[in-house]
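Chemist: Could you have a look at this structure, given as structure tokens, before my questions?
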Amino acid sequence: MERFMPLYDERAELAPRDVVARSIDDQLKKRNEKYVLLDISHKPREKILSHFPNIANECLQHGLDITRQPIPVIPAAHYMCGGVRAGLQGETNVHGLYVAGEVACTGLHGANRLASNSLLEALVFARRAVQPSIDHMKSSSLDLSASNLWTQPVVPKSLGSDVMHKILRITKEVRKELQSVMWKYVGIVRSTTRLQEAEQKIGELEAKWETYLFEHGWQQTMVALEACELRNLFCCAKLVLSSALARHESRGLHYTIDFPHLEESKRLPTVIFPDSHSMSTWSSRQLHQHSTCQSAV
Ligand SMILES: Cc1cc2nc3c(=O)[nH]c(=O)nc-3n(C[C@H](O)[C@H](O)[C@H](O)COP(=O)(O)OP(=O)(O)OC[C@H]3O[C@@H](n4cnc5c(N)ncnc54)[C@H](O)[C@@H]3O)c2cc1C
């Protein structure tokens, strides 16, 4: 078995995640393989089992003993760098809205992320946000009269079960297609041309989906979990694309072959505003705040 990681980085498998992911991606493309092998069998069995009990057990359930055999691996998305812009108490620029966890962009991680930082982000920041949000609720007198003027959301019962079945099926298919475009074109190694292609494909896909829904009797006021989630996924995908196109350097996991180097003058978060040209009417209504939205490996 040939060790390839030292060819890319002297820290080999212990290089940062973005470096390891790009190296694996490069090897998979060069060798036209579906996975690479991660071998830890040179370590004592007891040590492997005490350090990695969960992964050892999981692999064993699939017939793989990692104390003796190498593990097939591929890169996968495990984290979203970026999110809703937040301050040190989880506050956003929408008065009374607090965010914590992976949805927040606090600046803790920058353009890369160290392993196991979820604790810091999800627990520490959630705790920090609690008291200010309670104080906000106590101190502000909420004026809900404006919401009486809004059109009320409705469950799409009037469409009938046959139409709803068709709408849910197409929504599921479009969701899969969107995920596939994002993985293929906006994944580990990017280029401006491929990002633009993705932008076009996603725009067309969204238009196709919306047209289908409205041609089948869907109304602006209708809400269904699957439709809301897909609309939000389109919104996030376009934010990731806009951020990637705006960054003319490579930093951490934001890697593009057109600007492969780090540029200190560009050490700034990408902030996307709701009136950005790439947001559709549906999506821009979702975005009541500035967001940085970048992607993950
Ligand atoms: C494969 C993989 C490996 C990872 N490994 C690590 C690791 O080793 N170490 C580490 O620190 N982090 C790791 N992470 C990242 C970590 O799991 C996440 O960053 C963390 O769980 C985020 O926590 P959260 O509470 O912010 O969000 P989530 O855990 O995503 O929780 C959000 C919750 O909101 C719910 N929800 C969503 N929409 C709605 C809605 N409309 N209404 C009501 N509820 C809703 C969801 O069902 C979910 O329960 C990994 C992630 C992945 C995918």
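Chemist: Collect the residues in the range 84-105 that are open to solvent by 30 Å² or more (accessible area, probe 1.4 Å) and hydroxyl-bearing (Ser, Thr, Tyr), keeping them in residue-number order.
Modeler: Once the filter is applied, which keeps residues that are open to solvent by 30 Å² or more (accessible area, probe 1.4 Å) and hydroxyl-bearing (Ser, Thr, Tyr), the range 84-105 yields only Tyr98.
Chemist: Looking only at the range 106-117, which residues are buried (at least 17 other Cβ atoms within 10 Å of the Cβ) and either in a helix (DSSP H, G or I) or away from the ligand (no atom under 11 Å from the Cβ) (or both)?
Modeler: Here is the first cut: in the range 106-117, the ones buried (at least 17 other Cβ atoms within 10 Å of the Cβ) are 106, 109, 111-113.
Thr106, Ala111, Asn112 - these are the residues of the range 106-117 that are buried (at least 17 other Cβ atoms within 10 Å of the Cβ) and either in a helix (DSSP H, G or I) or away from the ligand (no atom under 11 Å from the Cβ) (or both).
Chemist: Residues that are more than 12 Å from the ligand (Cβ to nearest atom) and either in a helix (DSSP H, G or I) or out of contact with any strand residue (DSSP E or B) (no Cβ under 9 Å at 6 or more places or on another chain) (or both): does the range 95-102 have at least one?
Modeler: Within the range 95-102, the subset more than 12 Å from the ligand (Cβ to nearest atom) is 95-98.
Now narrow it down to the ones that are either in a helix (DSSP H, G or I) or out of contact with any strand residue (DSSP E or B) (no Cβ under 9 Å at 6 or more places or on another chain) (or both): 95-96.
Yes, the range 95-102 contains a residue that is more than 12 Å from the ligand (Cβ to nearest atom) and either in a helix (DSSP H, G or I) or out of contact with any strand residue (DSSP E or B) (no Cβ under 9 Å at 6 or more places or on another chain) (or both).
Chemist: Moving on. Got a number for residues in the range 221-246 being in a loop (DSSP other than H, G, I, E, B) and free of Cβ contacts under 8 Å to residues at least 40 places away in the same chain?
Modeler: From the range 221-246, those in a loop (DSSP other than H, G, I, E, B) are 221, 223-224; that's our starting set.
Now narrow it down to the ones that are free of Cβ contacts under 8 Å to residues at least 40 places away in the same chain: none.
The qualifying residues number 0.
Chemist: Could you check the range 32-83 and list, in sequence order, the residues that are hydroxyl-bearing (Ser, Thr, Tyr) and in contact with a strand residue (DSSP E or B) (Cβ under 7 Å, 6 or more places away or on another chain)?
Modeler: Matches in the range 32-83: Tyr35 only.
Chemist: Within the range 66-89, track down each residue that is out of contact with any helix residue (DSSP H, G or I) (no Cβ under 9 Å at 6 or more places or on another chain) and away from the ligand (no atom under 16 Å from the Cβ).
Modeler: Pro70, Gly87
Chemist: Quick one: is Ile188 within 30 Å of Asp18 (Cα to Cα), in contact with a Phe, Trp or Tyr (Cβ under 8 Å, 6 or more places away or on another chain), open to solvent by less than 40 Å² (accessible area, probe 1.4 Å) and outside any helix (DSSP H, G or I)?
Modeler: Numbers: within 30 Å of Asp18 (Cα to Cα): yes; in contact with a Phe, Trp or Tyr (Cβ under 8 Å, 6 or more places away or on another chain): yes; open to solvent by less than 40 Å² (accessible area, probe 1.4 Å): yes; outside any helix (DSSP H, G or I): yes.
Taking the combined requirement at face value, the residue satisfies it.
Chemist: I'd like to check something: does the range 32-53 contain any residue that is in a helix (DSSP H, G or I), basic (Lys, Arg) and under 21 Å from Arg113 (Cα atoms)? Spell out the reasoning first.
Modeler: So the first thing to find is which residues in the range 32-53 are in a helix (DSSP H, G or I), and the list is 45-51, 53.
Add one more test, that the residue is basic (Lys, Arg), and what stays is 45, 47.
Pick out the ones that are also under 21 Å from Arg113 (Cα atoms) and you get none.
Within the range 32-53 (the criterion being in a helix (DSSP H, G or I), basic (Lys, Arg) and under 21 Å from Arg113 (Cα atoms)), the answer is no, since none of the residues qualifies.
One line per residue, one yes/no per condition, for (1) modelled with pLDDT of 95 or more; (2) of a type in the set (Ser, Thr, Tyr); (3) within 14 Å of the chain's Cα centre (by Cα):
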residue: Val181; (1), (2), (3): yes, no, yes
residue: Ser191; (1), (2), (3): yes, yes, no
residue: Ala198; (1), (2), (3): yes, no, no
residue: Gly203; (1), (2), (3): yes, no, no
residue: Glu210; (1), (2), (3): yes, no, no
residue: Leu213; (1), (2), (3): yes, no, no
residue: Gln220; (1), (2), (3): no, no, no
residue: Glu226; (1), (2), (3): yes, no, no
residue: Leu230; (1), (2), (3): yes, no, yes
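Chemist: Among the residues of the range 43-77, which ones are open to solvent by less than 80 Å² (accessible area, probe 1.4 Å), within 30 Å of Thr270 (Cβ to Cβ) and touching a Lys or Arg at 6+ places or on another chain (Cβ under 9 Å)?
Modeler: Result: Pro75, single match.
Chemist: Next question, about the same structure. Can you confirm whether the range 178-185 contains a residue that is more than 30 Å from Phe259 (Cα to Cα) and either of a type in the set (Asp, Glu) or in a helix (DSSP H, G or I) (or both)?
Modeler: Restricting attention to the range 178-185, the residues satisfying the condition of being more than 30 Å from Phe259 (Cα to Cα) are none.
Looking for residues that are more than 30 Å from Phe259 (Cα to Cα) and either of a type in the set (Asp, Glu) or in a helix (DSSP H, G or I) (or both), one finds none in the range 178-185, hence no.
Chemist: Another one. For Lys138, all conditions in the list (1) assigned to a helix (DSSP H, G or I); (2) closer than 28 Å to Ser243 by Cβ; (3) open to solvent by 60 Å² or more (accessible area, probe 1.4 Å); (4) free of Cβ contacts under 8 Å to residues at least 24 places away in the same chain hold save one; what is the number of the exception?
Modeler: (2)
Chemist: Does any residue of the range 163-173 turn out to be open to solvent by 50 Å² or more (accessible area, probe 1.4 Å), under 23 Å from the mean Cα position of the chain (by Cα) and modelled with pLDDT under 95?
Modeler: Looking through the range 163-173, none of the residues is open to solvent by 50 Å² or more (accessible area, probe 1.4 Å), under 23 Å from the mean Cα position of the chain (by Cα) and modelled with pLDDT under 95.
Chemist: With respect to Val99, is the statement that it is under 20 Å from Leu142 (Cβ atoms) and aliphatic (A, V, I, L, M) true? Talk me through it step by step, then tell me what you get.
Modeler: Working: under 20 Å from Leu142 (Cβ atoms): yes; aliphatic (A, V, I, L, M): yes.
Criteria met by Val99.
Chemist: Would you confirm whether any residue within the range 118-132 is over 18 Å from Cys236 (Cβ atoms), open to solvent by 70 Å² or more (accessible area, probe 1.4 Å), within 16 Å of the ligand (Cβ to nearest atom) and touching a residue at least 60 places away in the same chain (Cβ under 8 Å)?
Modeler: For the range 118-132, residues over 18 Å from Cys236 (Cβ atoms), open to solvent by 70 Å² or more (accessible area, probe 1.4 Å), within 16 Å of the ligand (Cβ to nearest atom) and touching a residue at least 60 places away in the same chain (Cβ under 8 Å): absent.
The values are calculated or read from the model by the stated rules, or taken from the named source; none is laboratory data. Please read all numbers here as calculations on a predicted model, not as lab measurements. Cβ atoms come from the backbone with ideal geometry, glycine included; neighbour counts cover every protein chain shown. Just so you know, the surface numbers come from the protein's heavy atoms only, side chains and all, with ligands and any DNA or RNA stripped out. Shrake-Rupley method; radii C 1.70, N 1.55, O 1.52, S 1.80 Å.
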